[in-house]
1. For the charge dipole of the stretch 4-185, defined by +1 on Lys and Arg C-beta atoms and -1 on Asp and Glu C-beta atoms about the Cα centroid, which residue among Tyr126, Tyr89, Ala174 has the Cα displaced farthest towards the positive pole?
2. Bin all alpha-carbon pair distances of the chain at 10 Å intervals from 0 and give each bin's fraction as a whole percent.
3. Could you list Met120, Met150 so that the one with the fewest beta carbons within 10 Å of its beta carbon is first and the one with the most is last?
4. Quick one: net charge of Asp53's neighbours, Cβ under 14 Å, K/R +1, D/E -1?
5. Check cross-link reach from Lys52 to the aspartates and glutamates: straight Cα distance under 15 Å, and skip same-chain residues fewer than eight apart.
6. Which helices, taking whole DSSP H runs in the chain, have alpha carbons extending 15 angstrom or more along the helix axis plus mean Kyte-Doolittle at least -0.5?
Amino acid sequence: MIEKESLLASITALSLKKQLAFALLVFERMLPSLTAFSKDTGFDDSCYLQGKDAAWAALRDGGIEPSLNEACLRGAPDTENFSHELTSYALNAALAMSDILEFILDGRAQHIAYILTLAMDSVDFYVGALDSSAVYTPELERRIAAHPLMRQELCRQEEDIKFLSNLPDQFDEAAISALRARASNQAPLLPLSR
């Protein structure tokens, strides 16, 4: 299993379209938490669903409307306004979509790095909450790093990079169909107790 720095180096070695595809695969795993949060709280997630559709379309044509990102960033769920158990995960998914849209606009790798951080923070927070101790210690950090959910996500990211490396740099309909199939067949980032 590769570490985050090595993972990020592998991602940034990919073409910009493949980096976008990688970010979309990660976001698609994060999306179920945002969707469940929206259903439970009435939060309007339409901006993020529009962002997702625009990002998938950008794999073909390369552009988005900048105002979409501004709306998504402004509309992110505020942890001070919601006490729902999925609030933090929904916020991370919303911020990940905002960074995907920013990446489409400027192509800067820092957005991909932040998306990775948001996904891993979600897993870290979820696994940490399973522990009965409320104190974050080096021992807890080691247990979180070794937890099957954390290992699974790191493995999926590594597999996503290998998958994308085997696709052509210019996505044709077959490549986009393969990406969409991969996105729809993957398990969510976190198990939802529903």
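Read-outs throughout are calculated quantities, based only on the coordinates presented, and are distinct from any laboratory measurement. In this text the structure is predicted, and so the values were computed from the model without any measurement. Every residue, glycine as well, gets a Cβ built from its backbone with ideal geometry; the counts of neighbours run over all protein chains shown.
1. Projecting each Cα onto the dipole axis, the largest value belongs to Ala174.
2. With 10 Å bins starting at 0, P(r) equals 9, 36, 37, 16, 2, 0.
3. Ascending Cβ contact count within 10 Å gives the list Met150, Met120.
4. Working: positive: Lys52, Arg60, Arg180; negative: Glu28, Asp45, Asp61, Glu65.
Residues close to Asp53 contribute a combined charge of -1.
5. Glu28, Asp44, Asp61, Glu65, Glu70, Asp99, Glu102
6. In the chain, the long hydrophobic H runs are 16-41, 46-61, 87-106, 109-130, 173-185.
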